[in-house]
Amino acid sequence: MTGIFKKLLSKFFKNIFKKKKKVKLGLYGPPNGGKTTLANKICKDWLGEEMGTVSNISHETREIQIKEEITIKSKGKELTFNLVDTPGIATKIDYEEFIKEGLKEKEAKTRAKEATKGVIDSIKWLDDMDVVIVVLDATKDPYTQVNITIIGNLEARDIPVLLVANKIDLKKADIKKVQSAFPQYEVIGISAKFGNNLDDFYEALFRVAG
């Protein structure tokens, strides 16, 4: 009896002092899909503060941004994670894109260099992710080289994925196109900007990350 009691006691204390694993939840996708808008919405809903700057210029997020210890609740369940907002992934970054947005040549070249580094960092960080939310603009064609590259990298690493078809508030939005492009994943249509369908999004997050 003493041996069994010792084992039970040992297990009890191990469970008490066992460090709770922090889930790393990554936001991935092409530029201007709405990753940072969604990151800000999640942070605002559960922490009362925003995460980063949102802009119409592509590659505005040039560095990895992290918000720690976000706990979401739904139907008596809780999920705590560190949210990682990553720079938009692109197969080609041209400084002339920034010139078109009104930046001067020197600044445009600097931005292009930073954006390229951001893409490399995003791919590197994939190895640290427990769950990934891929944010796609539902008004655009999902069959792009960038999207296929992102999904391919996730499948190769066997990382759980939730696909978000963002911008459903716009007339051109087509969730079915996103679903048919990547039928292996659950797709949730939302508007990160206006908060449409966020309850369904949080519920889906529990299914994928729980």
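Taken as a whole, the condition of being under 13 Å from the mean Cα position of the chain (by Cα), hydroxyl-bearing (Ser, Thr, Tyr) and either modelled with pLDDT under 80 or part of a loop (DSSP other than H, G, I, E, B) (or both) does not apply to Thr37. Contact map, the range 36-49: residues that are closer than 17 Å to Ile133 by Cα paired with residues that are of a type in the set (Val, Ile, Thr) and surrounded by fewer than 20 Cβ atoms within 10 Å (Cβ to Cβ), Cβ distance under 6 Å, separation 6+ or inter-chain. Pairs shown: Thr36/Val54; Thr37/Val54. The number of residues in the range 156-210 being in contact with a helix residue (DSSP H, G or I) (Cβ under 8 Å, 6 or more places away or on another chain), of a type in the set (D, E, K, R) and over 18 Å from Val132 (Cα atoms) comes to 1.
Based on this model, can you work out whether Lys176 counts as farther than 22 Å from Arg207 by Cα and more than 15 Å from the chain's Cα centre (by Cα)? In short, no. Does Glu101 meet the test of being at pLDDT below 70 and acidic (Asp, Glu)? So Glu101 passes the test. The residue of the range 166-188 that is surrounded by the most Cβ atoms within 10 Å (Cβ to Cβ), among those that are within 26 Å of Thr80 (Cβ to Cβ) and of a type outside the set (Ser, Thr, Tyr), is Asn166. Filtering the range 135-165 to residues that are of a type in the set (Val, Ile, Thr), surrounded by 20 or more Cβ atoms within 10 Å (Cβ to Cβ) and more than 20 Å from Arg207 (Cα to Cα) leaves only Ile150. So is Asp169 farther than 22 Å from Ser74 by Cα and among the charged types (D, E, K, R) or not? Here the answer is yes, as Asp169 does meet what is asked.
The values are calculated or read from the model by the stated rules, or taken from the named source; none is laboratory data. Since the model is a prediction, treat every value here as computed from it, not as a measurement. Every residue, glycine as well, gets a Cβ built from its backbone with ideal geometry; the counts of neighbours run over all protein chains shown.
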